[in-house]
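One structure below.
Bear in mind these aren't lab numbers, they're just calculated from the coordinates by the rules spelled out. What you are looking at is a predicted structure, and each value in this text was computed from that prediction instead of being measured. Cβ: placed from backbone, ideal geometry, glycine included. Neighbour counts: every protein chain shown.
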Amino acid sequence: MSVANLSAKKLIPELDRSWISGATRFIVLILISILITFLTRSPEQGFVFLNPSNILNVIRNASILIMIGIGETITLTAKDVDLSVGSIVSLTSVVAAIMMNKMGLSVPLAIFTALAIGATLGLINGLLITYVGLPPFIATYGMLWVLFGFAYLILQGAVVYGFPDAFRVIGNGNLFGIPMPIVVMAVTFVIAYVLLTQTTLGRRFFATGANPEAARMSGIKVNRIIIIAYVISGFMAALAGLVLIAYTNGSEAKIGDSYLLPVMAVVVMGGTSLSGGQGTLFGTLIAALIMAVINNGMNILAIPAIWQQLVVGVLIIGTVLVDQILRRRGS
C-alpha cells in the first residue's frame with residue numbers, strides 16, 4: 001500500500017467526526033425552525049412559517065448560497081480561500097445575459113460559455129497561487145476587483161433583463177413540484193459530497209489542507225490539487241450565477257456582490273476550518289439553511305434589516321465559538 005493511500009486512510013476519522021458536527025448543527029436547525037414556527041404564528045393565518053410554499057421558498061433562497069458554498073468548502077479544505085466567488089457570479093452571469101439577450105445566441109451556448117469562463121477563472125486563481133506564488137488572499141481578492149471591473153465595463157451600468165423561457169426554467173421551473181434551483185443544488189451537492197468523501201481526489205483535498213509538505217512527500221501533486229479546487233469553485237460560482245439570473249430574470253454588474261461574506265459565513269458556521277484540512281459539505285448545507293430560516297422568520301416578523309444583520313452576526317460568532325470549544329474537548 002502506498003504512502004499516499006495511508007495518508008488518505010488517516011483522514012477517515014476526520015470524515016466520521018464531521019458527521020457528529022453536522023448532526024449537532026441539524027438539531028440546531030430544527031430547534032430554530034420550531035422557535036420561528038411559534039414566533040410567526042398568526043391568529044388569522046396559523047403557522048405561517050410551516051406553509052409548504054414558504055418552506056420551499058426558504059430552501060430555494062438557500063440554494064444559491066449552498067452552490068457557491070460547495071466550491072468555497074472545497075478550496076478551504078485544501079487550505080486556500082477563494083474571495084473571488086462573488087465577482088465570478090457577476091461576470092459569468094453578465095456574459096450569459098449579453099449572449100442571450102443582446103447577441104441572440106442559443107441558451108446552451110450561453111450556459112456552456114458562462115460555466116467555462118467560471119472554471120477558467122478558477123484555473124487562473126489556482127495558477128496565480130501555485131506557480132506565481134501569490135498568497136491566496138491577495139490573488140483572489142485582486143481577482144475580485146478585476147472581475148467586478150470587467151462586469152461594470154461590459155454593462156456600463158445597465159441592467160439586462162428578459163431571458164428566453166428555455167433558460168428561465170432552471171430558475172423558475174419545477175420538477176415534480178420542486179423548484180429547479182433546489183433540484184440543481186441537490187444534484188450538485190450529491191456529486192460534490194461523493195467527490196469529497198468517497199474518492200481519492202477528495203481525500204487528497206483533505207491531505208493537502210492538513211499538511212501540504214507531508215502530502216507532497218507522500219506523492220500527492222499539491223499544486224494540481226489546489227488548482228482543481230479553484231476550478232471547481234469557479235465552476236460552482238458560475239452555475240450559481242446562472243440559476244440566480246434565471247430566477248430573477250435580470251443581470252447586473254453587482255449581482256454577486258452580496259454573496260461573498262454570507263458564503264464565508266455559512267462555510268465557517270458549517271464547520272470547515274479556515275486553516276485547512278477539515279471541511280464538511282453537510283455542515284455548509286445546514287448552516288445555509290439556518291441562515292435562510294432566520295432571515296425568513298425575521299422577514300415574516302417585519303424585523304428591520306439592521307437587526308437581521310446583528311442576529312446573523314451573533315449567530316456566526318456563537319456557532320464558531322461553540323464549535324471550537326467542542327473541538328478542544330474532543331482533542
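Data overview
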| quantity | calculated |
| --- | --- |
| Using θ = phi - 60° and Karplus 6.51 cos²θ - 1.76 cosθ + 1.60, couplings along region 301-307 (whole Hz; Gly, Pro as x) | 7, 6, 7, x, 4, 5, 6 |
| Percentage relative contact order, the chain, counting C-alpha pairs under 8 Å, at least six apart | 33 |
| Estimated 222 nm signal from helices in the chain, with DSSP H stretches of n ≥ 4 weighted -39500 (n - 2.57), rounded to 500 | -25000 deg cm²/dmol |
| Ile154-Leu127 FRET efficiency (beta carbon distance; Förster radius 25 Å; 0.05 resolution) | 0.60 |
| Prolate/oblate/rounded label for region 218-331 (Cα gyration tensor, a/c 1.5) | oblate |
| For Phe47, residues with placed amide H under 5 Å, excluding near neighbours | Ser42 |
| 10 Å Cβ shell holding at most 16 others, DSSP loop, trypsin sites (Lys or Arg not before Pro): longest site-free stretch of the chain | 103-220 |
